[in-house]
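First up is the structure itself, then whatever we jot down about it.
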Amino acid sequence: MGGFFGVASKNDCMVDVFFGTDYHSHLGTRRGGLAAFDEETGLQRQIHNIENSPFRTRFENIFDEMKGSSAIGCISSMEPQPLLIRSGLGAFAICFIGIINNSDELIEKYLSKNSGFFNAMTGGRVNSVELLAALISLKEDFTEGIKFAQEVIDGTASILILKEGGNIIAARDKMGRLPVLVGKDESGFCVTFESFAAKKLGYEIVEELGPGEIVEISPDRMVRLAEPGKEMRICAFLWSYYGYSTSTYEGINVETMRYRNGSLLAQMDKLNGFCDHIDYVGGVPDSGTPHAIGYANESKIPFARPFIKYTPTWSRSFMSTKQSERAKVAKMKQMPVDELIKDKDLLFVDDSIVRGTQLRETVDFLYSNGAKSVHMRSACPPIMYGCKYLNFSRATSDMELIARRTIMELEGEEGFKYIEEYSDGNTERGKKLRKAICEKFHFASLDFQNVEGIVKSIGLPACKLCTYCWNGKE
């Protein structure tokens, strides 16, 4: 994944872009970058590796190194960006959020005769940002270039372009899978993925771009270059997992959605006669916590934090590329509260269960500290399909998913014909899936939210949400 933030201002904007980009650090783990335009210096760029040091510390000297009244910043889990490009459209800086699945096809069809080569990354991959810039540059202006690129790309591309001269072009991906918002203050405009980043810096949100909408901002005004499309498929996982709690997408706040979602999970358990013997409800930190608060409020079972993450000196556990290292760091961060664990029946709500590896470590940790039983609830349905629309920090093939692997063990490939049944906890196959995962991870019980519950919690029509990772529907 990734996030971006840009400003076009009458004043020097580096402080706003520095903090605005840093506020997207929860969305990416590998690269951070800034590009700025200044009348005297022109376009400038800095990119740093943020795998083992956060964006803020890697760019702490940026105010001595760069200046500008217009700038864009990007946090990325993959390619270094923004890139500085010179083409027939002029000089510009570009970054994007999303994924391009058909790079080789695009190069062969549109670019092999025009350029012939691209800088190769590790493993021979092409930098997707460079490819995107080349596609845009095939057309006579940025608007037509962006529309063309988004049409031919298999995947998703929300784009920020900083033009030589200081104006910024922002484009939301054509299906609106990711948010792009525009804010305004007395000195100019900003563009952001996360709404709270703009508000925290004193900008009032004035526009949430629609699917495929393209705008150009200067310090004085915002001009619409392409009208929004009518069809939207915004990622439902934004609210349940990777969106920040204080952000709002399509008018719906993340934190309050999670409370509603947890409440619906508790209602399902009460209907099934479950809840009476649980001592405490807790959330698997951090994004599982608000779901658990919603569950506790509805069930009237006390909310508690039986373990606390020690974060002052530990880096994020998902930053390492090795699962063993991620699990080790995750385990070392868990600090037990013995009085809330020993001889207690505990129910935890997690935002999702993808591979389950770290969750198994957490449950074993709780039992080793004296828990009587550990019950697990997932705020998402079983994840059955690796996402092909967004570039998450670690690529996930279908068979890496715990639900898929368990179906394979239970029924072989024949079982993949019955994914809908396995997702539903009321069917025989659904019950077998939950029982098998319980045995693997030592859960006393397990259940998942269903797609209908996610949709209800968000409050948007189902036709406007992407739920592909759960039900394979595009």
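Every read-out reported here was derived from the displayed coordinates using simple, explicitly stated rules and does not represent laboratory data. No experiment lies behind these values; they were computed from the predicted model shown. Reconstructed Cβ throughout: ideal geometry from the backbone, glycine too, with neighbour counts over all protein chains shown.
How charged is the neighbourhood of A236? Take every other residue with its Cβ under 14 Å from the Cβ of A236, and add Lys/Arg as +1 and Asp/Glu as -1.
Numbers: positive: R177, R233, R258, R260, K456, K464, K473; negative: E250, D351, E452, E474.
Net charge in that neighbourhood comes out at +3.
Cα to Cα, under 22 Å, and not fewer than 8 places away if on the same chain: which lysines meet these conditions relative to K342?
K300, K309, K331, K333, K372
Which of the peptides 369-379, 127-137 is most tightly packed, and how do the rest follow, going by the mean number of other Cβ atoms within 10 Å of each residue? Please report the intermediate quantities before stating the final value.
Numbers: 369-379: 21.8, 127-137: 23.5.
Going by the mean number of other Cβ atoms within 10 Å, highest first, we get 127-137, 369-379.
Select from the stretch 439-474 those trypsin sites (Lys or Arg not before Pro) which occupy a DSSP coil region and have at most 13 other Cβ atoms within 10 Å, ordered by residue number. Mind dumping the intermediate values first?
Values: sites: K440, K456, K464, K473; in loops: K473.
In loop regions of the stretch 439-474 (DSSP not H, G, I, E or B), the sparsely surrounded trypsin sites (Lys or Arg not before Pro) are K473.
I need to check one value: relative contact order of the chain, counting alpha carbon pairs closer than 8 Å and at least 6 residues apart, in percent. Intermediate values should be presented prior to the final figure.
Numbers: 1082 pairs, mean separation 58.5, N = 474.
Contact order relative to length: 12 percent.
Please work out whether the stretch 56-99 counts as rounded, prolate or oblate from its C-alpha gyration tensor, where a ≥ b ≥ c are the square roots of the eigenvalues and a/c under 1.5 means rounded, while otherwise a/b larger than b/c means prolate and anything else oblate?
Values: a/c = 2.61, a/b = 1.21, b/c = 2.15.
Oblate is the answer for the stretch 56-99, as a/c is 1.5 or above yet b/c matches or exceeds a/b.
Projecting each Cα onto the charge dipole of the chain (Lys/Arg +1, Asp/Glu -1 at the beta carbon, about the Cα centre), which of F55, C463, I308 comes out farthest on the positive side?
Comparing the listed Cα positions along the dipole, I308 ranks first.
Straight-line reach from K147: which aspartates and glutamates have a Cα under 17 Å away, not including same-chain ones fewer than 8 places off?
E130, D173, E213, E216, E227, E231
Which value at 222 nm does the chain reach when only helices count, each DSSP H run of 4 or more adding -39,500 (n - 2.57), with the total divided by all residues and rounded to the nearest 500 deg cm²/dmol? Don't skip to the answer; put the middle values down first.
On the way: 16 runs with 141 residues, N = 474.
Helices in the chain give a 222 nm mean residue ellipticity of -8500 deg cm²/dmol.
Give me Y280, Y23 ranked fewest to most by other Cβ atoms within 10 Å of their Cβ, as a rough exposure proxy. Present the calculation step by step, with values, prior to reporting the outcome.
Numbers: Y280 19, Y23 25.
So the residues, fewest neighbours to most, are Y280, Y23.
For the ranges 95-103, 147-155, what's the packing order if you count other beta-carbon atoms within 10 Å of each residue, average per peptide, and put the highest first?
On the way: 95-103: 22.6, 147-155: 18.2.
Sorting 95-103, 147-155 by mean packing, highest first, produces 95-103, 147-155.
When we measure straight from the Cα of K10, which lysines land under 16 angstrom away, once same-chain ones fewer than 8 places off are left out?
Of all the lysines, those that pass the test against K10 - Cα under 16 Å, at least 8 places apart if same chain - are K67, K163, K184.
Can you compute the FRET efficiency between D398 and M335 using 1/(1 + (r/R0)^6), with r the Cβ-Cβ distance and R0 = 35 Å? Round to the nearest 0.05. Could you put the intermediate results ahead of the total?
Details: r = 35 Å, r/R0 = 1.01.
The pair D398/M335 has a calculated efficiency of 0.50.
I'd like to compare 11-18, 403-410: which one has the highest average count of other Cβ atoms within 10 Å, and what's the full order after that?
11-18, 403-410
Summing Lys, Arg as +1 and Asp, Glu as -1, what charge do residues with Cβ under 13 Å from the Cβ of E411 carry, E411 excluded? Show your work: numbers first, answer last.
Numbers: positive: R404, R405, K417, R429, K432; negative: E409, E413, E414, E421, E428.
Here the charged neighbours net out to 0.
Which of the three applies to the stretch 252-471, rounded, prolate or oblate, going by the alpha-carbon gyration tensor with a ≥ b ≥ c and a/c under 1.5 meaning rounded?
On the way: a/c = 1.34, a/b = 1.17, b/c = 1.14.
Judged from the Cα gyration tensor, the stretch 252-471 comes out rounded (a/c under 1.5).
Could you work out the local net charge near K174, counting Lys and Arg as +1, Asp and Glu as -1, over the other residues with Cβ closer than 11 Å to its Cβ?
Details: positive: K147, R172, R177, R233; negative: E151, D173, E213, E231.
Local charge sum for K174: 0.
Give the whole-number value, in cubic angstrom per residue, of the convex hull volume spanned by the C-alpha atoms of the stretch 2-231. Spell out each step's value before the answer.
Details: hull volume 25.8 nm³, N = 230.
Each residue corresponds to 112 Å³ of Cα convex hull volume.
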